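> The structure follows.
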Amino acid sequence: MPADVAADWLTPVADRAIAGMVALPGSKSMTNRALVLAALADEPTTIVGPLQARDTALMAAAVAALGADVAPSDPDGGARLAGNPPVWRVAPGWRSGQLRVDVGNAGTVLRFVPPAAALTEADVEFDGDPRVRERPVGELLAGLRQAGVEISDGGRGAVPFVVHGRARVPGGSVTLDASSSSQLVSGLMLAAPRYERGLQICHEGGRVPSAQHIAMTVAMLSRAGADVEVASAGPGEPVPDRWRIRPGRLAPGTLTIEPDLSNAAPFLAAALVTGGTVTIPGWPEVSLQPAGQILAVLGQLGATYWHDADGLHLAGPATIRGITADLRDINELAPVLTAVAALADSPSELTGIGHMRLHESDRLAALATEIGALGGEVTELPDGLAVRPRPLRAGGEPFDSHDDHRLVMAAAVLGLVVPGLRIRNAGTVGKTFPEFRSRWLQMLGQEP
């Protein structure tokens, strides 16, 4: 648990419209992809500006368990100046024997590392937090078996399981249903260049969520020298999504990590719910993350935003509008957006997020329960949430984080306008943002 976030946290109330600037940590999604690519590369890789949080520490430990050397690095050979981004140096390597990987409750570790583990000469055991045993990974294991990998999972299709590395993977064609998580595709893609025949991956099932994250994987693979071909179904065409990755070397060189735009959501939401303005320095105008979709949905809620030399500025409206929105490609924002919708002037319907029942928590049930306990009305739908704004009040039990970092962020937004809101197990926000509480207080002009 991060030192600056207590187990329970009495969230601060905003007594005026916020006017703050918030520097974001690096992107978790990019950092963990970069670590896997670096572990699979033919030469050392430099990662500039990586996120330093529980999920990325788990990934660094996982690739180190397989044999890579991950170490802090100062490219100038001296002490890193305060405010400069961290730099990691990753040298590839492989271990043999009996190995173990702790995935914690990190979906990226659960789904990105087993395809790489198949390239070791080791039996690699995967296990983690109790919740991760409920998270989808069976389709990935089935896909790896199609590629020629031996796996022992007792028929569970879940952790714990063992990947029996044989130093080579034949590869070939793999068909899977990735409608529960885009990470199932990304995990196979990242290791595919090192398989003897590469991989041709075919998705058959419902729409894949977070498609932008697959595009991120494609872009990062291509920048590392991989030969990737994408063929997607057109509108109304029953053609499965397909990706072909040919065998070849990987040489990422230097990978610079963008700020984590998902972690911007609660700060931007703070401007919305207080009618204030928040500035995010370093917001990329061209991004591998779904920047455009994030800003578009905030605009639907009533925000205005603009870029200048200082970064992205977002101003909240006098009144928040209710919206109808498909959040499939920005589902990480759904908890914070649900909190904002609970404070709007009209009902909202947020869809495309049914798969979030299998995230760090059952996010749909958790949001309905916790906002309901404050007097709000959030109803589960088969594929989302219906939100009817009601007067909110804190009292009784704390807002339970359900050991989910995104629930902490959603509760912090509500706490700006709901006095006395206390979050249970707020420290779980350290999964992706260890400095969240201190940055939150700084935004409000308060001492951490």
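> Neighbouring Cβ atoms within 10 Å as the yardstick, rank I151, I330 fewest first.
Taking fewest neighbouring Cβ atoms as first place, the list is I151, I330.
> Over the Cα atoms of segment 146-197, what radius of gyration and what Dmax do you get, in Å?
11.7, 30
> In degrees between 0 and 90, to the nearest 10, how far off the longest principal axis of the chain does helix 107-117 point, with axes built from Cα atoms?
The angle comes out at about 10 degrees.
> Just want the answer: with Cβ charges of +1 for Lys and Arg and -1 for Asp and Glu, which residue in G311, Q300, A34 is farthest toward the dipole's positive end in the chain?
A34
> Under the 0.36 nm per residue contour assumption, what length would be gained going from the current alpha-carbon distance of D69 and E447 to full extension?
Full extension from D69 to E447 adds 132.3 nm.
> Something else: With +1 on each Lys and Arg Cβ and -1 on each Asp and Glu Cβ, how big is the dipole of segment 28-256 about its Cα centre, in debye rounded to the nearest 20?
Here the size comes out at about 140 debye.
> Using label points projected 7 Å from each Cα along Cα→Cβ, tell me how many nm separate V13 and T256, to one decimal.
A separation of 4.4 nm, rounded to one decimal place.
> Of all DSSP beta bridges in the chain, what percent run antiparallel (nearest 5)?
Of the beta bridges lying entirely in the chain, close to 65 percent run antiparallel.
> Among A116, I423, W440, whose Cα lies farthest out toward the positive end of the dipole of the chain, if unit charges sit on the beta carbon of Lys, Arg (+1) and Asp, Glu (-1)?
A116
> If you don't mind, there's one more thing I want to ask. Give the Cα extents of the chain along the principal axes, in whole Å, largest first.
60, 55, 39
> What's the FRET efficiency of A167 with A61 using the Cβ-Cβ distance as r and R₀ = 22 Å, to the nearest 0.05?
With a Förster radius of 22 Å, E is 0.50.
> Using only helices, what value at 222 nm comes out for the chain when you add -39,500 (n - 2.57) per DSSP H run of length 4 or more and divide by the total residues, to the nearest 500 deg cm²/dmol?
-8500 deg cm²/dmol
> How many percent of DSSP beta bridges within segment 28-256 run antiparallel, rounded to 5?
Taking every DSSP beta bridge within segment 28-256, about 60 percent pair in antiparallel fashion.
> Please report the relative contact order for segment 28-256, taking Cα pairs under 8 Å with a sequence separation of at least 6, and give it as a percent rounded to a whole number.
20
> Now a separate question. Calculate the FRET efficiency for L381 and E43 from the Cβ-Cβ distance with a Förster distance of 41 Å, rounded to the nearest 0.05.
Efficiency at R0 = 41 Å is approximately 0.25.
> What's the exposure ranking of Y305, Y195, going from fewest to most Cβ atoms within 10 Å?
Taking fewest neighbouring Cβ atoms as first place, the list is Y305, Y195.
> Given a Förster distance of 22 angstrom, what is the FRET efficiency for S346 paired with M21, based on the Cβ-Cβ distance and rounded to 0.05?
Efficiency, from the Cβ-Cβ distance: 0.10.
> Need one number: nm distance between label points at R100 and A296, each 7 Å from Cα along Cα→Cβ, rounded to one decimal.
Placing both labels 7 Å beyond Cα along the Cβ direction yields 4.6 nm.
> Where q = 0.09, 0.11, 0.12, 0.13 Å⁻¹, what log10 of I(q)/I(0) comes from the Debye formula for segment 28-256, counting one point per Cα?
Values returned for q = 0.09, 0.11, 0.12, 0.13 Å⁻¹ are -0.33, -0.50, -0.60, -0.70.
> With each pseudo-label sitting 7 Å past Cα toward Cβ, what's the E229-A309 distance in nm, one decimal?
Label at E229, label at A309, 4.8 nm between them.
Just so you know, all these numbers are worked out from the coordinates, no wet-lab data involved. Just so we're clear, the structure is a prediction, and the values are computed from it rather than from any experiment. Here Cβ is always computed from backbone atoms with ideal geometry, including for glycine, and neighbour counts include all displayed protein chains.
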